[in-house]
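Quick one: this structure, given as structure tokens, is what I'll be asking you about.
Rule-based calculations on the coordinates, nothing more; no lab input. On a predicted model such as this, the values are computed, not experimentally measured, just so you know. Using ideal geometry, Cβ is built from the backbone for each residue, glycine included, and neighbour counts are taken over all protein chains shown.
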Amino acid sequence: MNPFDARPAQELDAPPHVLALLHAAMLLLGLAPDEALAVSRTGGLVLEGLDLGFACDSADADGDDDRGAALVVAAQLPKGVLGTLAQRRSALLASTELMAFVGAAIACDRGQPRLISRWCIAGQSTAQFATWLRDFAKLGAGIAERQRAGDSVLAA
Amino acid sequence: MTASASASATPSGHPGVHACRRDAALVLGIAAPVASHFGETGVIEIAGEPLVLQPLHDDPAGPWIASTRAARPDGVSEETWIDALLLANNHAQLVAHAGFGLAPDGEAVLVLRIPPAHDDPSLLAIQLSGLLALIDSVRDGVRNAAATNASLSRTLQ
């Protein structure tokens, strides 16, 4: 065994309490202990068949410490979801509603569509985060499924 | 704080909500009568840009939801506009709980969800000013890129 593998690098840049929250939520979602640790280390997870990635916003742009950190989560969607201009228009029309009702939006960077949302950690429990994350992944899977069925990204 | 009879007659009737919105507008340098109207209605226009601010639970402590809109700049195709907004959505949530969408008329809509504990008017004002700055930067970036492309095309002809 390569000795350099003994302590894998911490890839997700986040304060300890955020990493602990992520780890605990993974256990609640039914991941094995070593898988849960891997998620809090890499910031990557497969849920509802989608690749999810986490980033932590612990920066304190407002200069107010009590706002606390937030976890930003992005679910990779199939590339075909935003293949045409009509699909991209429909995704943005849907994003207005998604932002208003669930705080998520559809994004695209260099041809890779994503569903992105943000979880403010302060005042919320691990169980609430885990439930929210599962619902978020289901929403992303639903959008991907609609695309496979030939429908627009979301029903108008 | 004083509560007026009219304050409780509106859907967002919490007098604290009205005061918080009004005071946030005052922090942004809005004239008192306009700030007062914003306090009551949650709708204002700042430098020609519409801004809507509503509490999600009729509670000045938040959470709040704010939104603004921007028209597609002249000389920018619909495809360029849509792609710019989809690109901006990769970054918006990293700085705030904000995301771009589209209105049926083709205008960009920027929605910002403001978490609880934003009942301090100056904190609310910071969030609103960030919202306006974000939509300005995306619209100006798209407009400038289009102008540069047009200028390059003329040069190359």
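For peptide A:80-88, what's the mean number of Cβ atoms from other chains within 10 Å of each residue's Cβ? Walk me through the intermediate numbers first.
Values: counts 0, 0, 3, 0, 0, 5, 0, 0, 7.
Taking all residues of A:80-88 together, the mean is 2.
So for the protein assembly as shown, taking the charge dipole from beta-carbon charges (+1 Lys/Arg, -1 Asp/Glu), which of A:Leu50, B:Gly48, A:Leu27 sits furthest toward the positive end?
Of A:Leu50, B:Gly48, A:Leu27, it is A:Leu50.
Considering the convex hull of the alpha carbon atoms of the stretch A:45-148, report its projected area averaged over all viewing directions, in nm², one decimal.
7.2
Top mean-square fluctuation among B:Thr41, B:Thr80, B:Thr68, Gaussian network model of chain B, C-alpha springs under 10 Å?
Comparing B:Thr41, B:Thr80, B:Thr68 in a Gaussian network model of chain B, the most mobile one is B:Thr80.
Might you report the magnitude of the Cβ-based charge dipole of chain B about its Cα centre, with Lys and Arg at +1 and Asp and Glu at -1, to the nearest 20 debye?
Details: 8 positive and 16 negative charges, 40 e Å.
Around 180 debye, computed over chain B.
On to the next question. Per DSSP H run of at least 4 residues, take -39500 (n - 2.57); add these up for the protein assembly as shown, divide by its residues and hand me the 222 nm value, nearest 500 deg cm²/dmol.
-15000 deg cm²/dmol
What residues qualify as long-range amide H neighbours of A:Asp51, i.e. H under 5 Å apart, gap of 5 or more or another chain, H built at 1.01 Å from N?
Here the answer is A:Gln76, since their amide H atoms fall under 5 Å of that of A:Asp51.
Please list, in chain and number order, the residues 5+ apart from B:Asp58 or on another chain whose amide H is under 5 Å from its amide H, with Hs placed from the backbone.
Answer set, sorted by chain and number: none.
When the convex hull of the C-alpha atoms of chain B is computed, what volume per residue in Å³ does it have?
120
At 0.36 nm per residue, and after removing the present C-alpha to C-alpha distance, how many nm does the segment from A:Gln124 to A:Val46 gain when stretched out fully?
In short, 25.8 nm is gained.
Give me the distance in nm between label points sitting 7 Å out from Cα along the Cα-to-Cβ direction at A:Asp135 and A:Ala100, one decimal.
The modelled label-to-label distance comes out at 1.8 nm.
Using 0.36 nm per residue, how much length does the chain from A:Leu85 to A:Glu35 gain when fully extended, once their Cα-Cα distance is taken away?
Here the answer is 14.1 nm.
Assign one of three labels to the protein assembly as shown, namely rounded, prolate or oblate, based on the Cα gyration tensor with a ≥ b ≥ c the square roots of its eigenvalues; rounded applies when a/c is under 1.5, prolate when it is not and a/b is larger than b/c, and oblate otherwise.
oblate
Suppose the chain between B:Glu45 and B:Ser137 were pulled fully straight at 0.36 nm per residue; how much longer would it get relative to their current alpha carbon spacing? Show your work: numbers first, answer last.
Numbers: separation 92, 0.36 × 92 = 33.12 nm, distance 1.78 nm.
Gain in length upon complete extension: 31.3 nm.
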